[in-house]
Amino acid sequence: MAKNYYAQTSAEVVEELKTSISSGLSNDEAKKRLAEYGANTLAAKKKKSMFMRFVDQFKDFMIIVLIVAAILSGVVAHEWTDAAIIMIVVILNAILGVIQEARSEAAIDALKEMATPSAHVRRGDAILEIPSTELVPGDIVLLEAGDVVPADLRLNSAHSLKIEESALTGESVPVDKSDETLQGKDVALADRINMAYSSTNVTYGRGEGIVVGTGMTTEVGKIATMLNNADETDTPLKENLNHLGKTLTIMILIICAVVFAVGVFTKQGTEPMNALLIDIFLVAVSLAVAAIPEGLPAIVTIILALGTQTMAKHKAIVRKLPAVETLGATDIICSDKTGTLTQNRMTVEKVYYRGRSHDDSDEIEADNPALLAMILANDTKIENGGDLLGDPTETSLIQYAFDQNLPVNDLLTEYKRVQEVPFDSERKLMSTVNKYGDKYFVAVKGAPDELLKRVTSVKINGETSPITAAQKQDILQTNQDMAKKALRVLGLAYKIVDQTYADPTTDNVEQDLIFAGLVGMIDPERPEAKAAVAEAHSAGIRTVMITGDHQVTAQAIAERLGILKPGHDERVLTGAQLDELSDDYFKEHVSDYNVYARVSPEHKVRIVKAWQANGKIVAMTGDGVNDAPSLKQADIGIGMGITGTEVSKGAADMVLADDNFATIVEAVKQGRKVFSNIQKAILYLMSCNVGEVLTVFMMTMLGWDILAPVQLLWINLVTDTLPAIALGVEPVEDGIMKRQPRGRKSNFFSGGVASSIIYQGILEGVLVLGAYQLGLHVGPHIDNPALQHGDALTMAFLTLGLIQLFHAINSKYIHQSIFSKHTFVNKWFNGAIIIAAVIMAAVELPFMTKFFDVTELDGGQWLVVLLAGICMILIVEIVKFFERRAGKQ
């Protein structure tokens, strides 16, 4: 919809679109316009083929490094087993990526499915039912309750018309529509009461409108365009793995260059130069391949998958694996109000009668006129003994009576409705005439200001007397006070008449009324939401409320939840005010605002981008069609499982099964745990690889007997799998939600991990070389140098394998001490270490020694091996102690 048709009269729109209200377009003209404007459908960007999606998965830097490592392992080092393992991991990751990408394209398809299949139009002086795809600008569309609006319409008539627009605007209750012309050029989408938008639902009344937008020019079409054009942001996990890949590549190249140069320099003259160059090159390549943690992508995937299972138990369904880790890096949670922070149901909170305000828990009498007006002037259907069907405002009134343990069904039977004057959006009132013994009880409810115009009396202490100007002013002030607290207020009145009306209208039924009271309703905050907002705040995460509701409502709920301090209305920004801010100014001042009200889809995307421009990782929640572009733009899009549209779920990375903000905060905690556990696994794997590389490198350079390839392969197989995966299921560390977000620039090597990898890897290598040297001087074969060398190599081999298992215990905490009561609560880790230790020690079995080219060690030699492992733990603990003293956490 290119123009502000809401600011034009119906006649002006008719003239501009060259149509007729009474007869509509001719069939010939409709065909011409269909050819000109195209079908009333949503377009999607061209999809990639499955093959191209698969190829794209191999453009990741870490994947390229792994593929090169696999080729070198097989072709040069002849380690075909390693090569096969690496390629299997790479291919599985690519398949997983293709599946995730295909899922993410479901949003546009879901948008298309929301379109209504047919529409009732006036064409050529006749009412026709045509496929909605054939609608064109200028068509006259007829609407009635139950219809899905087929295109964007400028209403030219509305009779008690209500349209539910929550999927598009976020407004929690149906909107009363009118054909009046609106003033202003920047009326918020939710306030355009003379417009009906494609894919919204007619809940009450009837009307008709002129089609002013079809297909991609509708408001829903704009959302589809934003979805197609949304930036694909890299997740922190992908950025971290890319960084890791580049770091590994640099390290590998340095290792190759150093080993090659030193090897050629130290061994010159020992053999022909050609043979020497080939031998040294093979050693360099072998070491480079050993430095690659080929199991890392698989382990990361497994840790993420286990994280999704844990989150599912907490009602958070993850659709895309990297979203698990992204949650842990979240700086900002932009949350929708309705249904996420609130309960998405209107609830009575205050009732004013007899000159006093009462809480919803205060007892009220069954014959109180205010209560009777709530129950009788009400179209709610009561089914199955208590299920309430109807307008959310009206059902809240009946629920209030039920919560008071009042006999609602008996009262409805006793006060049987005999006549009514239905609600009308112009007079804003509803009345019913009900049997009351031999008389009739007239119950009226509606807008307080309109109701008071018809009130002439008030009942005090059982006496009915004329209402005074002061009493009316007191009622209006109470209404205003309720409204300031974001309560939706209805006035209640009644009168008792002797007979029914020959022709019940507002002119006779709704006159000379007795004031009964006021009732204030609100969509209340979820009980657990306030605590969740506080927990997020303590974790350094800022909660920003974004809603389609009015500013007063948004501010009141935000204050009740602790998102906003009372009286800080300058931190509330409306969509219209946001439009007046330049992009540069808004990016600079986005942190000034905590609450956004009356916003459009474009505003939500703009808010997310502004935070991202400040280097923040943004999580965005939403349930409506209007939320889909911002969900896709955000680093982590969070859809609603109960109230969410298929469009929003399709665009989301994660879906809340309970639509609860507290679930998001719990998911953030689990995400932080996942990152921490991946970091522990990387610390463990990389420091072990550094230890292996250093051991083999130093043995080669010093001319000592080198460990056999089968021995290195066995160590990698035993120590790089089970312990690393078990680190991935470590429980949440104490105080993890007291830490500040780690920030977008952080990576797996941040927080002292890089330095820990280096010194722990060096320590591991030194201890293994030390065990080798001790092996030359202890044991039963001192007098037999050949056997003694075999013992020393066996001790180096077992020390290198078992010391890594001791180091896995170190890796449970990066800076904290392992000597705590929580260290061994992870039964999976305990089992993994025991199994790996048994498998590693199994090489000493008589029938295994020949295969692994090892000797059988005696007790003293085993003691040296075990002491090396204990030293690994003790020395690392000492370093951690001094790190904590220096303030590293």
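The values are calculated or read from the model by the stated rules, or taken from the named source; none is laboratory data. Note that the structure is a prediction, hence the values are computed from the model and not measured. Here Cβ is always computed from backbone atoms with ideal geometry, including for glycine, and neighbour counts include all displayed protein chains.
The criterion of being buried (at least 23 other Cβ atoms within 10 Å of the Cβ) and assigned by TED's automatic domain parsing to the domain that holds N594 holds for V324. Checking the stated criteria, Y593 turns out to be farther than 21 Å from T645 by Cα, touching a residue at least 24 places away in the same chain (Cβ under 8 Å), aromatic (F, W, Y) and surrounded by fewer than 23 Cβ atoms within 10 Å (Cβ to Cβ). So for region 602-609 (the condition being over 15 Å from the mean Cα position of the chain (by Cα), among the aliphatic types (A, V, I, L, M) and at pLDDT 90 or above), does at least one residue qualify? Taking every residue of region 602-609 in turn, at least one turns out to be over 15 Å from the mean Cα position of the chain (by Cα), among the aliphatic types (A, V, I, L, M) and at pLDDT 90 or above. Any residue at all in region 700-714 that's of a type outside the set (D, E, K, R), touching a strand residue (DSSP E or B) at 6+ places or on another chain (Cβ under 7 Å) and either buried (at least 24 other Cβ atoms within 10 Å of the Cβ) or not in a helix (DSSP H, G or I) (or both)? For region 700-714, residues of a type outside the set (D, E, K, R), touching a strand residue (DSSP E or B) at 6+ places or on another chain (Cβ under 7 Å) and either buried (at least 24 other Cβ atoms within 10 Å of the Cβ) or not in a helix (DSSP H, G or I) (or both): absent. Condition (residue is over 23 Å from T721 (Cβ atoms), in contact with a Gly (Cβ under 8 Å, 6 or more places away or on another chain) and touching a residue at least 12 places away in the same chain (Cβ under 8 Å)) applied to region 802-812: is it met by at least one residue? No, because not a single residue in region 802-812 is over 23 Å from T721 (Cβ atoms), in contact with a Gly (Cβ under 8 Å, 6 or more places away or on another chain) and touching a residue at least 12 places away in the same chain (Cβ under 8 Å). Residues of region 176-215 that are crowded, with 21+ Cβ neighbours inside 10 Å, among the hydrophobic types (A, V, I, L, M, F, W, C) and under 17 Å from V625 (Cα atoms): L189, A190, A196, V202. Across region 1-25, which residue is modelled with the lowest pLDDT among those that are closer than 16 Å to V141 by Cβ and in a loop (DSSP other than H, G, I, E, B)? Among them, the one singled out is M1. Counting only residues that are at pLDDT below 85 and assigned to a helix (DSSP H, G or I), region 338-355 holds 3 of them. Kindly establish whether V843 is assigned by TED's automatic domain parsing to the domain that holds I762 and in a helix (DSSP H, G or I). The answer is yes for V843. Within region 822-878, the set of residues being of a type in the set (F, W, Y) and over 27 Å from I762 (Cα atoms) comprises W828, F847, F851.
Among the conditions (1) in contact (Cβ under 8 Å) with a residue 60 or more places away in the chain; (2) at negative phi, the only one that N344 does not satisfy is (2). Has region 529-549 got at least one residue that is more than 30 Å from A373 (Cβ to Cβ), more than 23 Å from the chain's Cα centre (by Cα), at pLDDT 90 or above and not charged (D, E, K, R)? No, region 529-549 contains no residue that is more than 30 Å from A373 (Cβ to Cβ), more than 23 Å from the chain's Cα centre (by Cα), at pLDDT 90 or above and not charged (D, E, K, R). Q404 fulfils the conditions (1) under 44 Å from the mean Cα position of the chain (by Cα); (2) closer than 27 Å to G205 by Cα except for a single criterion, (2). Say we look at region 26-76 and pick out the residues that are modelled with pLDDT of 70 or more and of a type in the set (V, I, T); which of these is farthest from V220 (Cα to Cα)? Here the residue is I71. Report yes if some residue within region 521-528 is without any contact (Cβ under 8 Å) to a residue 60 or more places away in the chain and under 48 Å from the mean Cα position of the chain (by Cα); otherwise report no. Scanning region 521-528 turns up at least one residue that is without any contact (Cβ under 8 Å) to a residue 60 or more places away in the chain and under 48 Å from the mean Cα position of the chain (by Cα). Of all residue pairs spaced 6 or more apart or on separate chains, those with beta-carbon atoms under 9 Å, a first member in region 749-760 that is closer than 16 Å to V693 by Cβ and a second member that is modelled with pLDDT of 85 or more and small (G, A, S) are I757/S687; I758/S687; Y759/S687; Q760/S687; Q760/G691; Q760/S811.
Selection of region 10-29 for residues being in contact with a strand residue (DSSP E or B) (Cβ under 7 Å, 6 or more places away or on another chain), within 23 Å of Q183 (Cα to Cα) and aliphatic (A, V, I, L, M) yields V13, V14, L17, I21.
Rundown of residues vs (1) within 23 Å of E528 (Cα to Cα); (2) surrounded by fewer than 24 Cβ atoms within 10 Å (Cβ to Cβ); (3) modelled with pLDDT of 90 or more; (4) not aliphatic (A, V, I, L, M), yes/no style:
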{"site": "G567", "(1), (2), (3), (4)": "no, yes, no, yes"}
{"site": "D584", "(1), (2), (3), (4)": "no, yes, yes, yes"}
{"site": "G622", "(1), (2), (3), (4)": "yes, no, no, yes"}
{"site": "S630", "(1), (2), (3), (4)": "no, no, no, yes"}
{"site": "Q633", "(1), (2), (3), (4)": "no, no, no, yes"}
{"site": "G639", "(1), (2), (3), (4)": "yes, no, no, yes"}
{"site": "M654", "(1), (2), (3), (4)": "yes, no, no, no"}
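Among the conditions (1) without any contact (Cβ under 8 Å) to a residue 24 or more places away in the chain; (2) part of a strand (DSSP E or B), the only one that V211 does not satisfy is (1). Could you say whether any residue in region 240-261 is farther than 30 Å from R672 by Cβ and at pLDDT 85 or above? No, because not a single residue in region 240-261 is farther than 30 Å from R672 by Cβ and at pLDDT 85 or above.
Condition (residue is on the phi > 0 side of the Ramachandran plot, small (G, A, S) and under 25 Å from the mean Cα position of the chain (by Cα)) applied to region 746-760: is it met by at least one residue? No, because not a single residue in region 746-760 is on the phi > 0 side of the Ramachandran plot, small (G, A, S) and under 25 Å from the mean Cα position of the chain (by Cα).
When the residues of region 495-507 are filtered to those that are without any contact (Cβ under 8 Å) to a residue 60 or more places away in the chain and under 54 Å from the mean Cα position of the chain (by Cα), the one that is surrounded by the fewest Cβ atoms within 10 Å (Cβ to Cβ) is D507. Looking at region 452-484, which of its residues are hydroxyl-bearing (S, T, Y) and either under 15 Å from G355 (Cα atoms) or loosely packed, with under 13 Cβ neighbours inside 10 Å (or both)? Answer for region 452-484, where residues must be hydroxyl-bearing (S, T, Y) and either under 15 Å from G355 (Cα atoms) or loosely packed, with under 13 Cβ neighbours inside 10 Å (or both): S457, T464, S465, T468, T478. Residues of region 621-635 include at least one that is farther than 30 Å from V489 by Cα and assigned to a loop (DSSP other than H, G, I, E, B).
Only one of the listed residues (G775, G801, G860) is touching a Pro at 6+ places or on another chain (Cβ under 9 Å) and not hydrophobic (A, V, I, L, M, F, W, C). That residue is G860. Restricting F797, F829, F824 to those that are among the aromatic types (F, W, Y), surrounded by 21 or more Cβ atoms within 10 Å (Cβ to Cβ) and under 19 Å from L727 (Cβ atoms) reduces the list to F829.
Has region 104-117 got at least one residue that is at pLDDT 80 or above, in contact with a helix residue (DSSP H, G or I) (Cβ under 8 Å, 6 or more places away or on another chain) and not in a helix (DSSP H, G or I)? No, region 104-117 contains no residue that is at pLDDT 80 or above, in contact with a helix residue (DSSP H, G or I) (Cβ under 8 Å, 6 or more places away or on another chain) and not in a helix (DSSP H, G or I).
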